[in-house]
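Chemist: Handing you a structure now.
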Amino acid sequence: MSATTPHPETYTCRHCGGPREQATSVGGSFCSERCLYQHRGEKALRQIVSDHRWCATCFRQIKTTHRPPESELRSMDVPRHIRDVFIGFQERTEHATEGVDIDERTDGSSRRIEYTRTSCSCGAVDPCDRHEVLRELDPAETIQSLWRCLNSLERDGTLQRRPEKDAYIEALRDSDRDWVYAIGRALYAE
Ligand SMILES: [Zn+2]
Ligand SMILES: [Zn+2]
């Protein structure tokens, strides 16, 4: 006969992978509030990145997309199968700049291919990259541009949730500018 002492079962946090207990979990599967909102912020940030119109470092808009009305596309003889998938004409904004990127070959040939691409004037050559140092050069500006970015993406339907300014500012202050956390808090304000 053995006495079993019930011990709380330990699970894994969906965001940081650390241990969590059922009783103290946040949002079902996170170890902390920080992890919950970071997770949500990360999801939104990935959408910002895949959108390609925004710089993931400074959050300024580097490209705009304009889609003419259907009737105009038809009058331009754009075939139906193209019209169906056509996102729009792209234009660079004043924040865009020409950057030189390098593609290092991994096939053992040690060849380096240099090519030009649309970069951001903040210094990020690849607008999909996140450079913490560049982002922190002008935090006040970054706070503004991220706010504008979130609002613009909500308006055009890329983000399904409307950002909330108080929650956004508070989150930045509380977390000493954890940008990903602040995105999560802004979009999922209670
Ligand atoms: Zn966690
Ligand atoms: Zn930038």
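Chemist: Counting pairs of alpha carbon atoms under 8 Å apart in space and at least six apart in sequence, what relative contact order in percent does the range 69-158 give?
Modeler: Relative contact order comes out at 16 percent.
Chemist: Based on the alpha carbon coordinates of the range 48-137, what radius of gyration and maximum Cα-Cα distance (Dmax) apply, in Å?
Modeler: Gyration radius and largest Cα-Cα distance of the range 48-137: 17.0, 51 Å.
Chemist: For a quick protection proxy, order the peptides 133-139, 76-82 by their average other-Cβ count within 10 Å, most packed first. If you can, show how the numbers build up before the last one.
Modeler: Details: 133-139: 13.9, 76-82: 9.1.
Descending mean neighbour count gives 133-139, 76-82.
Chemist: Here is a follow-up. At a threshold of 8 angstrom on Cα-Cα distance, excluding pairs fewer than six apart, so keeping six or more, what relative contact order does the range 10-187 reach in percent? Write out the running numbers ahead of the final one.
Modeler: On the way: 272 pairs, mean separation 41.0, N = 178.
Contact order relative to length: 23 percent.
Chemist: Cα axis of helix 139-155 to longest principal axis of the chain: angle in degrees, 0 to 90, nearest 10?
Modeler: 80 degrees
Chemist: Based on alpha-carbon positions alone, could you give the equivalent ellipsoid semi-axes of the range 46-87 from the gyration tensor, as √(5λ), descending, whole Å?
Modeler: Details: eigenvalues 164, 23, 6 Å².
After diagonalising the Cα gyration tensor, the semi-axes are 29, 11, 6 Å.
Chemist: Using 7 Å Cα-to-Cβ label points, what is the Gln160/Val133 separation (nm, one decimal)?
Modeler: 3.9 nm
Chemist: Write out the GluC sites (Glu not before Pro) in the range 32-109 meeting two conditions: DSSP loop, and at most 14 other Cβ atoms within 10 Å of their Cβ.
Modeler: Numbers: sites: Glu33, Glu42, Glu70, Glu72, Glu91, Glu94, Glu98, Glu104; in loops: Glu94.
Hits after loop and neighbour filter: Glu94.
Chemist: Starting with the fewest neighbours, write out Ser25, Ser119, Ser75 ranked by other beta-carbon atoms found within 10 Å of each beta-carbon. Mind dumping the intermediate values first?
Modeler: Details: Ser25 17, Ser119 21, Ser75 10.
Lowest to highest Cβ neighbour count: Ser75, Ser25, Ser119.
Chemist: Place a label point 7 angstrom from the Cα of Ser121 along the Cα-to-Cβ direction, then list the residues of the range 61-101 whose backbone nitrogen is under 13 Å away.
Modeler: 61-63, 92-98
Chemist: In addition: Considering the alpha-carbon set of the range 10-187 alone, what are its Rg and its Dmax in angstrom?
Modeler: Just the Cα atoms of the range 10-187 yield Rg and Dmax of 19.8, 63 Å.
Chemist: Working out 0.36 nm times the residue gap between Ala140 and Lys43, then minus their Cα-Cα distance, what length gain in nm do you get to one decimal? Each step should come with its number before you reach the end.
Modeler: Working: separation 97, 0.36 × 97 = 34.92 nm, distance 2.36 nm.
Answer, rounded to one decimal: 32.6 nm.
Chemist: Using only the alpha-carbon atoms, how far is helix 33-51 inclined from the longest principal axis of the chain? Give it as 0 to 90 degrees, nearest 10.
Modeler: 10 degrees
Chemist: May I pose another question? Quick one: net charge around Ala167, please, counting Lys, Arg +1 and Asp, Glu -1 for every other residue with C-beta under 13 Å from its C-beta. Show your work: numbers first, answer last.
Modeler: On the way: positive: Arg40, Arg161, Arg162, Lys165, Arg173, Arg185; negative: Glu33, Glu164, Asp166, Glu170, Asp174, Glu190.
Taking every other residue near Ala167 into account, the sum is 0.
Chemist: At what distance in nm do the modelled label points of His66 and Glu21 sit from each other, each positioned 7 Å from its Cα along Cα→Cβ?
Modeler: With each label point 7 Å from Cα toward Cβ, the separation is 6.0 nm.
Chemist: Could you give me the radius of gyration and the Dmax of the range 13-79, taking only the C-alpha atoms into account and expressing both in angstrom?
Modeler: In Å, with Rg to one decimal and Dmax whole: 20.3, 62.
Each reported figure results from applying straightforward, stated rules to the coordinates on display, with no laboratory input. As the structure is a prediction and not an experimental result, all values here were calculated from the model. Note: ideal-geometry Cβ built from the backbone for every residue, glycine included; neighbour counts use all protein chains shown.
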